Amino acid sequence: MKELKYRVELFSSYDHTGIEKHLEKMAEKGWLLEKITPFFRVYRRAEPQKLRYAVTYFPKASEFDPEPQEGQLIYEDYSARIGWTFVCRFAQMQIFRNAEEDPVPMETDPMAAVETVDRAARKGFLPYYIVLLFLSCLSWRSSGIAGILWMLLFLLSVIELCRYYKWRKDARKAAVNGVFLDTPRTGRLQMIFSVLLLAGILIYAGENRMRLIACALLIAGFFLTVTVISAVKLFMKRLKAPRAVNITVTLLVSAILSAALVSGVLWVCWHFFVSRIMPLR
Amino acid sequence: MPRQKLQTLTEQMFYILLCLKTKCCGIEIFDRITEMTGGRVTVGSGTLYDLLEQFLEAGLICEADRDGRRRSYILTDAGRETLAKEAGRLRAQLADYDRIFNGKE
């Protein structure tokens, strides 16, 4: 029987309510979260059990830190004091679990909780979707399937950003009255758009052989590039490189690999195209 | 009207500052608040950490001692003043309640 399970799970990073409920369901089925990677959540088999999960945020943290900051370790000490066990962290997100049926929550001040989520969102979720929105606007002249794909990305960015800002506004209002507001469920939206984007890519790739080869190479290259970049980041962390050095080296490697990937795909397509028209000459 | 940051205090902010009238380690604040309020008020670990950071930034508390990761804090003069203002506000509220419901002036 498998001991580890790797799952692609689509939640917006600020959707702590959705992630918590999902992790609790997984624990009831006998799978406990072990770690989060750029592509997967890794679960380990365990006895099915009722656990409470808490997804919290440490805005000052970075994936490029050589080790957890002292503040994060103090945060863990405080949490352990009231029965919360640290599970894993990824970027600004930290995940804890508690076996008690009705534990003291980790967040008991709704206003402080909303502001913490917002500070963390400004470092990850918001820049990501703002850049995606900007890129999709730049590509508005694209036609055919490519145009539809960019339109989908534009729509996804707009919906995600609007939902976040609406939640933040409503959560702040609720917090004035001492009430916590659940985050909107983002998993389903992400799944729908992922399916539509994948379908669009398959249709685009299927139009002719050159596109099929280009798309296959780009997708394979993308996953390989992200894997190598993650490995470089991890290697720099193991060397205890300061955050700024890690960011610089990782960005440099990202730029080189991305340029190599695009150049490689263009080269293959050009050669494929040239070799097709050569016999005509 | 939205609460102005740290100008009026939530119950948890109030009790954390109250705990720090004398030097207290961050991790002991949980027990002190439970003892002080008979279990009526609880503070989450995330909330405690965030509020201590906010109070430090605002100069309401300062670090009194450090032993590895165990940090102790104590109220500053600004913290005592903020607490005193909040106590005054709460007394005024209670007085208004007594006047309306119990006819006391």
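All of the numbers you see were taken from the coordinates with simple rules; none came from a lab. No experiment lies behind these values; they were computed from the predicted model shown. Please note: Cβ atoms are built from the backbone with ideal geometry, for glycine as well, and neighbour counts cover all protein chains shown.
Observations, loosely collected:
- Charge dipole of region A:129-172 about the Cα centre (unit charges at C-beta), most positive-ward option of A:Trp150, A:Val131, A:Tyr164: A:Tyr164
- Backbone N atoms of region A:239-269 closer than 20 Å to the 7 Å Cα→Cβ label point of A:Leu138 belong to residues A:251-266.
- Difference of contour (0.36 nm per residue) and Cα-Cα distance, A:Glu100 to A:Arg209: 33.5 nm
- Above-threshold pairs, the threshold being 18 Å between Cα atoms, out of A:Lys35/A:Lys233; B:Lys21/B:Lys85; A:Lys5/A:Lys35; A:Lys21/A:Lys50; A:Lys60/A:Lys123; A:Lys25/A:Lys123: A:Lys25/A:Lys123
- Proximal aspartates and glutamates relative to A:Lys169, as straight alpha-carbon distance under 17 Å, when same-chain residues fewer than 8 apart are discounted: A:Asp15, A:Asp109, A:Glu115, A:Asp118, A:Glu160, A:Asp182
- Seen against the Cα atoms of chain A and their longest principal axis, helix A:70-81 is set at about 50 degrees.
- Evaluated with a Cβ-only charge set (Lys, Arg +1; Asp, Glu -1), the protein assembly as shown carries a dipole of roughly 1460 debye about its Cα centre, given to the nearest 20.
- Residues of region A:87-119 falling in the label zone of B:Glu11, defined by backbone nitrogen less than 20 Å from a point 7 Å along Cα to beta-carbon, are A:102-114.
- Normalised by the number of residues in region A:89-186, the average gap of Cα pairs under 8 Å and 6 or more apart makes the relative contact order 31 percent.
- The length gained on full extension between A:Val176 and A:Gln49, counted as 0.36 nm times the residue separation minus their Cα-Cα distance, comes to 42.2 nm.
- With respect to chain B, whose longest principal axis is taken over its alpha-carbon atoms, helix B:77-102 is tilted by about 30°.
- Length-normalised contact order of region A:2-73 in % [C-alpha pairs under 8 Å, at least 6 apart]: 32 percent
- Relative to the longest principal axis of the Cα atoms of chain A, helix A:16-28 runs at roughly 80 degrees.
- Once the chain from A:Cys162 to A:Ala244 is taken as fully extended at 0.36 nm per residue, the excess over their C-alpha distance is 26.3 nm.
- Once the C-beta distance of B:Glu81 and B:Glu35 is scaled by a Förster radius of 30 Å, the resulting FRET efficiency is 0.75 to the nearest 0.05.
- C-alpha center-to-center spacing [region B:7-39, region A:93-117] in angstrom: 18 Å
- Relative contact order [Cα under 8 Å, 6+ residues apart], region A:1-123, whole percent: 25 percent
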